[in-house]
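Below: the structure, in structure tokens.
The values are calculated or read from the model by the stated rules, or taken from the named source; none is laboratory data. Since we're looking at a predicted model, the values are computed, not measured. Virtual Cβ from ideal backbone geometry, glycine too; neighbours counted across all protein chains shown. In case anyone asks, the SASA skips ligands and DNA or RNA and just uses the protein heavy atoms, side chains included. Shrake-Rupley method; radii C 1.70, N 1.55, O 1.52, S 1.80 Å.
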Amino acid sequence: MINIFQNYGSQLWQGFWQTIICSIISLFFALIIGSGFAILETVPNKWTHLIARMYIELFRNIPLLVITMFFYVVIPMYFVKISGFAAGTIGLTIYSSAFIAETVRSGIQSVDVGQIEGARANGLTFWQTMVHIVLPQAFRYVLPPLGNQFINLVKNSSVLAFVAGFDLMYQGNVIASDSLQSMNAYLCVGLLYLVITLPLSYYMRYLERRTLKGGA
Amino acid sequence: MKVKQWRFGLLTTLLMLIMVVSGCGSRSLATKNILKEDQKTQAITWGVKADTRLFGLMDVKDNQIKGFEIDLAKALTKEMLGKNGQAKFIQVNSQTRMPLLKNGNIDAIIATMTITPEREKQVDFSRSYFDAGQAILVKNGSPIKNVADLNQKKATVLGVVGSNSVQTIKKFAPKAKLMQLSDYSQALTALKSGQGDALTTDNGILYGMAAENPGYSVVGGTFTKEPYGVAVNKNQTDFRNAVNVALTKIEKSGDYNRLLKKWFGHVKGFNYKEVQR
């Protein structure tokens, strides 16, 4: 295993960073888009609800690889050229946002209706109620499942390997076939994924503990 | 508490079992004589390509893999095991063929595999059964006319993970960006959607793609020599020698040239007579 790190250090390093960059971009946008659709789903309006449900059900139920291949192959054929890295990141963002939307929605709906009624009765608008009363509590409730989604997102970024996105998994495939040491190559790659996901996992746990202390 | 301990015990046992089983597999493989076992079962399991036109391609209509290598493997099997010998085929790609051979899932690889010194450290090769050469495939009207045109920063070359053409192209076009995809059909899809300027691999494979996609052509001729060989595990000398003997017989009887004509006779731009034996 050490010889893999010695001989292919630069490739592994590049893959490691590509995976991190892809994950951060996806995580950021998936959280925003996902929360947006979660709110749309809970807005008391038939049409926004319908749009949100369509988006979530569509992208939650299509394999990530299909979404990614669509952006890698179909879009460049008819519209603009998208690199493998971009196609993978876009696919990952859309796919993850659907799951995050469902997670956040469950959080929003678990906030006691009495609180919303109380806030509205005191003269807060719908959006004020959302921002000041509902969302802070909702995110606290869904922190554990949200952490799961984040970890899944990092692991799912391996889809970049299929579209030559130069991520960790791509480099793993290249190194495995170049060195003919499949086991060691994939062990190194697995280890590097752990280097990303384990701290993330512990950070989410730390957040959970801290927010629990903050009262509930 | 008790449940936890019990679970831990189960997990440890399972882990140890996996280790033992995996250890067993590799040890017995090294001492096995594959040729003798195959003679007993009257079947040879070949690892073949299923995504490569002309060499080995899955026919979706009847779920059979068809191609030059498939026919050659059948002929070799008949020579090695006698008339009742059966050739079994397992689908491999450039990335999976080595691990599958090492794990014993297949007896031999006959999958557009070039004989190279690095690979000879890991496996044993038979005599070459096809003489290919590396070339490039581009869209018709592309400014790229040969491999030298690819040697620029703006150019992107597509290849397949595990094929030695991706190593070679680094020498011929070091400035170009290299993207490796998982198999040939995906690499071709990527070329069609404009993800790269050229696709590089052996000419035989590229001609197969060009025959199916009139908008694309092989340009610049070959720039390397790529002899394909049948790969077997180290220590399987008997099997390899049997392959060599069978190959010689097939070449002498004219069956080889017949197969060559059947698969490459009508391919535009490819003179099959040059590789006849």
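Under the rule of -39500 (n - 2.57) per DSSP H run of 4 or more residues, summed and divided by the residues of chain A, what mean residue ellipticity at 222 nm is obtained, to the nearest 500 deg cm²/dmol?
Roughly -25000 deg cm²/dmol at 222 nm, from the helical runs in chain A.
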Accessible area of chain B belonging to carbon and sulfur atoms, whole % at 1.4 Å probe: 55 percent
Chain B, relative contact order in percent, only Cα pairs under 8 angstrom and at least six apart counted: 23 percent
Set of aspartates and glutamates with alpha-carbon distance to B:Lys171 below 20 Å, sequence-local pairs under 8 removed: A:Asp178, B:Glu118, B:Asp149, B:Asp197, B:Asp202, B:Glu226
Gyration tensor verdict on the range B:134-224 (Cα atoms; rounded if a/c is under 1.5, prolate if a/b is larger than b/c, oblate otherwise): rounded
Interchain or long-range residues, amide H under 5 Å from B:Phe130's placed H: B:Tyr228
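On a full-extension model of 0.36 nm per residue, what is the gain between B:Asn151 and B:Asn103, subtracting their alpha-carbon distance, rounded to one decimal in nm? Mind dumping the intermediate values first?
Numbers: separation 48, 0.36 × 48 = 17.28 nm, distance 3.89 nm.
Stretched out fully, the B:Asn151 to B:Asn103 stretch lengthens by 13.4 nm.
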Considering only chain B, percent of DSSP beta bridges that pair antiparallel, nearest 5: 60 percent
Computed FRET value (nearest 0.05) for B:Val60 with A:Tyr78, which takes r as the C-beta separation and R₀ as 41 Å: 0.95
Gyration tensor (alpha-carbon) shape descriptor, chain A, a/c threshold 1.5: oblate
P(r) weight above 14 Å for the range A:137-179, C-alpha pairs, percent: 59 percent
Solvent-accessible area buried by A and B, counting both chains, probe 1.4 angstrom, square angstrom: 1600 Å²
Rounded to 5, the percent of DSSP beta bridges in the protein assembly as shown classed as antiparallel: 60 percent
Two-site FRET efficiency, B:Thr237 against B:Tyr272, from Cβ-Cβ distance with R₀ of 30 Å, rounded to 0.05: 0.40
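Report the charge-dipole magnitude of the range A:92-197 in Debye, nearest 20, computed about the Cα centre from +1 at each Lys and Arg Cβ and -1 at each Asp and Glu Cβ.
160 debye
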Extended-chain gain in nm, criterion 0.36 nm per residue less alpha-carbon gap, A:Phe70 and A:Arg205: 45.1 nm
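Suppose we keep just the DSSP beta bridges with both residues in the range B:126-235; what percent of those would be antiparallel, to 5? Mind showing how you got there, number by number?
Values: 12 of 19 bridges.
Here the share of antiparallel DSSP bridges comes out near 65 percent.
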Using θ = phi - 60° and Karplus 6.51 cos²θ - 1.76 cosθ + 1.60, couplings along the range B:78-87 (whole Hz; Gly, Pro as x): 4, 5, 7, 10, x, 4, 8, x, 10, 9
List of the range A:81-100 residues, accessible area with partners at least 30 Å² below that of the chain alone (1.4 Å probe): A:Lys81
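Take the Cβ-Cβ distance between B:Lys36 and B:Lys262 as r, set R0 to 41 Å, and report the resulting FRET efficiency rounded to the nearest 0.05.
For R0 = 41 Å, the calculated efficiency reads 0.80.
Measuring with a 1.4 Å probe in the full set of protein chains, what accessible area per residue, in whole Å², belongs to the protein assembly as shown?
Values: 24870 Å² over 493 residues.
About 50 Å² of surface per residue is accessible.
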Mean ellipticity per residue at 222 nm, deg cm²/dmol - from DSSP H runs of n ≥ 4 across chain B, formula -39500 (n - 2.57): -13500 deg cm²/dmol
Label-zone membership for the range B:85-127, site B:Ser253, 7 angstrom Cα→C-beta point, backbone N under 13 Å: B:85
Cα gyration tensor, the protein assembly as shown - rounded (a/c under 1.5), prolate or oblate: prolate
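Kindly flag which residue pairs out of A:Lys81/A:Lys155; B:Lys88/B:Lys261; B:Lys83/B:Lys225; A:Lys81/B:Lys145; B:Lys175/B:Lys262 have an alpha-carbon separation exceeding 32 Å in this structure.
In this structure, B:Lys83/B:Lys225; B:Lys175/B:Lys262 exceed 32 Å between Cα atoms.
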Peptides ranked, highest mean first, by Cβ atoms within 10 Å: ranges A:107-114, B:128-135: B:128-135, A:107-114
Whole-percent carbon and sulfur share, accessible surface of the range A:18-165, 1.4 Å: 69 percent
Spin-label pair A:Asn3/A:Val195, simplified geometry with 7 Å Cα→Cβ offset, distance in nm: 2.1 nm
